[in-house]
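Chemist: Sharing a structure below in structure tokens format, with a few things to ask.
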Amino acid sequence: MLNFARARTQPRPNRSVSFGGMDYVDPKRKSNLIGKILLAASLTAICILMLKQSQSFITPSVFNIHEKGVTHVLVTGGAGFIGSHASYRLLKDSYRVTIVDNLSRGNIGAVKVLQELFPEPGRLQFIYADLGDPKAVNKIFSENAFDAVMHFAAVAYVGESTMDPLKYYHNITSNTLGVLEAMAAHGVNTLIYSSTCATYGEPEKMPITEDTPQLPINPYGKAKKMAEDIILDFSKNTDMAIMILRYFNVIGSDPEGRLGEAPKPELREHGRISGACFDAARGIIPDLKVKGTDYSTHDGTCIRDYIDVTDLVDAHVKALENAKPSKVGIYNVGTGQGRSVKEFVEACKKATGVDIKIEYLPRRPGDYAEVYSDPSKIKRELNWTAQRTNLQDSLEIAWGWQKLHRDGYGSS
């Protein structure tokens, strides 16, 4: 007979035993396997965390890839009056738009309007950031694939600039340098720069051409001219496409009533004359303060070239369309017509239907008597000309938005 009771001289090795097709692992082997799995999971989690903290880690998005047939434009200051209107026009023309704004002067309400109008993925994104923070600016450019920059972001009140000049040199000149450095570092080769007629100061001859000497007389104009000089010096050693638009006094609003001008309450005293007129017409302030009645003009008040915001953003789009590598274009953007403050106030009275009370005060520091443009160069080279040149019509459109938005974008 066979002996099945043979003694074992060595212990049985660990092994799995099959019962009905199911493997059961020895407890010691199971413990080791679980430990290895936990170790691998921990190492994977640490690697992912390190990658996310690294600048090289970018969450996949249409905003951080260059897409054929789509132009991605960074609009700095895109929550502001002019920037929001420009963003709307770009979105309407099928551009991809990223708005960067610190909301110190802009309105998140304007961004929300744009998001509601263009809710499709990949059309619009908003980034809350300050262009005075180099790390934030570099991060924005690292994580997005921009094809062009429209640089509107700037404080822009002449009176305020004389009271706080350092703010203007930081915000305009220094921040523009930071944007330019980021563009160069990340290969963004098209810049549309929002400049101003204030860089000309008070020229001896009218109208102002692009060759008129730039002799600014207030910190706002000086800061803008410094920024222009930086851009022009940089352009000499690069193939960047650059357009500098020097525009005049902006009025009006979106004809369909979606966007308008809504300055911060604490900045009303520094704001545009149109905003002050509307505030007086709505009774927010008791009267309109006209500063300066002894200028050497036909009625003693300042003469300005008032351009509708829709015409202005059209000029920016045409500049973008015509920007060419290694080329710099400099253009005045105005109507070519000078209107006095008194004439403007009369047009505003008719537009609002309110007999606005006026208080005449001494001149405002940093102001100049007469400024209006010769826009023939931009017409000749970019085929642009102002379409909305009736002052009262532009003010009526803006007044329509103001009446429905007494608290700006806070109510409707």
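The values are calculated or read from the model by the stated rules, or taken from the named source; none is laboratory data. Note that the structure is a prediction, hence the values are computed from the model and not measured. When we count neighbours, we look across all protein chains shown, and the Cβ atoms used for this are built from the backbone with ideal geometry, even at glycine.
Chemist: Can you tell me which residue among Asp314, Asp308, Asp299, Asp374 is at pLDDT 95 or above, crowded, with 17+ Cβ neighbours inside 10 Å, more than 23 Å from His85 (Cα to Cα) and acidic (Asp, Glu)?
Modeler: The unique qualifying residue is Asp374.
Chemist: Could you tell me whether Ile242 is touching a Lys or Arg at 6+ places or on another chain (Cβ under 8 Å) and either without any contact (Cβ under 8 Å) to a residue 40 or more places away in the chain or within 29 Å of Glu181 (Cβ to Cβ) (or both)?
Modeler: yes
Chemist: Of the residues that sit in the stretch 207-218 and are modelled with pLDDT of 95 or more and among the hydrophobic types (A, V, I, L, M, F, W, C), which one is surrounded by the most Cβ atoms within 10 Å (Cβ to Cβ)?
Modeler: Looking at the filtered set, the residue picked out is Ile208.
Chemist: I'm trying to understand the selection: among the residues of the stretch 279-293, which are in a strand (DSSP E or B) and either surrounded by fewer than 17 Cβ atoms within 10 Å (Cβ to Cβ) or basic (Lys, Arg) (or both)?
Modeler: Lys289, Lys291
Chemist: If you don't mind, there's one more thing I want to ask. When you scan the stretch 358-372, do you find a residue that is in contact with an Asp or Glu (Cβ under 8 Å, 6 or more places away or on another chain), touching a residue at least 40 places away in the same chain (Cβ under 8 Å) and in a helix (DSSP H, G or I), even just one?
Modeler: no
Chemist: Just one of the numbered conditions (1) in contact with a Lys or Arg (Cβ under 8 Å, 6 or more places away or on another chain); (2) within 26 Å of Ala110 (Cα to Cα); (3) assigned to a loop (DSSP other than H, G, I, E, B) is not true of Ala276; which one?
Modeler: (3)
Chemist: Ok, one more. Of all residues in the stretch 297-308, count the ones that are closer than 21 Å to Gly159 by Cβ and either in a loop (DSSP other than H, G, I, E, B) or under 28 Å from the mean Cα position of the chain (by Cα) (or both).
Modeler: Residues that pass the stated criteria total 8.
Chemist: Find the residue count for the stretch 239-265, including only residues that are part of a strand (DSSP E or B) and touching a Ser or Thr at 6+ places or on another chain (Cβ under 7 Å).
Modeler: Number of matching residues: 7.
Chemist: Say whether the condition of being out of contact with any Phe, Trp or Tyr (no Cβ under 6 Å at 6 or more places or on another chain), surrounded by 15 or more Cβ atoms within 10 Å (Cβ to Cβ) and hydrophobic (A, V, I, L, M, F, W, C) is met by at least one residue in the stretch 157-166.
Modeler: Checked against the condition, which is being out of contact with any Phe, Trp or Tyr (no Cβ under 6 Å at 6 or more places or on another chain), surrounded by 15 or more Cβ atoms within 10 Å (Cβ to Cβ) and hydrophobic (A, V, I, L, M, F, W, C), the stretch 157-166 yields no hits at all.
Chemist: Okay, next question. Across the stretch 193-230, what is the number of residues that are in a helix (DSSP H, G or I) and either under 21 Å from Leu382 (Cα atoms) or hydroxyl-bearing (Ser, Thr, Tyr) (or both)?
Modeler: Summing the residues that are in a helix (DSSP H, G or I) and either under 21 Å from Leu382 (Cα atoms) or hydroxyl-bearing (Ser, Thr, Tyr) (or both) in the stretch 193-230 gives 5.
Chemist: Take Thr335 and tell me if it is surrounded by 14 or more Cβ atoms within 10 Å (Cβ to Cβ), over 25 Å from the mean Cα position of the chain (by Cα), in a loop (DSSP other than H, G, I, E, B) and at pLDDT 95 or above.
Modeler: Spelling it out, it is not the case that Thr335 is surrounded by 14 or more Cβ atoms within 10 Å (Cβ to Cβ), over 25 Å from the mean Cα position of the chain (by Cα), in a loop (DSSP other than H, G, I, E, B) and at pLDDT 95 or above.
Chemist: Hey, another quick one. Out of the residues in the stretch 380-412 that are over 25 Å from the mean Cα position of the chain (by Cα) and assigned to a helix (DSSP H, G or I), state the one that is surrounded by the most Cβ atoms within 10 Å (Cβ to Cβ).
Modeler: Leu391
Chemist: Mind checking which residues of the stretch 382-410 are of a type in the set (D, E, K, R) and modelled with pLDDT of 95 or more?
Modeler: Once the filter is applied, which keeps residues that are of a type in the set (D, E, K, R) and modelled with pLDDT of 95 or more, the stretch 382-410 yields Arg388, Asp393, Glu396.
Chemist: I'm trying to understand the selection: among the residues of the stretch 358-390, which are within 12 Å of Cys302 (Cβ to Cβ) and touching a Lys or Arg at 6+ places or on another chain (Cβ under 9 Å)?
Modeler: Result: Arg363, Arg364, Asp367, Glu370, Val371, Tyr372.
Chemist: Applying the selection to the stretch 167-177, what residues are crowded, with 21+ Cβ neighbours inside 10 Å and without any contact (Cβ under 8 Å) to a residue 24 or more places away in the chain?
Modeler: Selection gives nothing.
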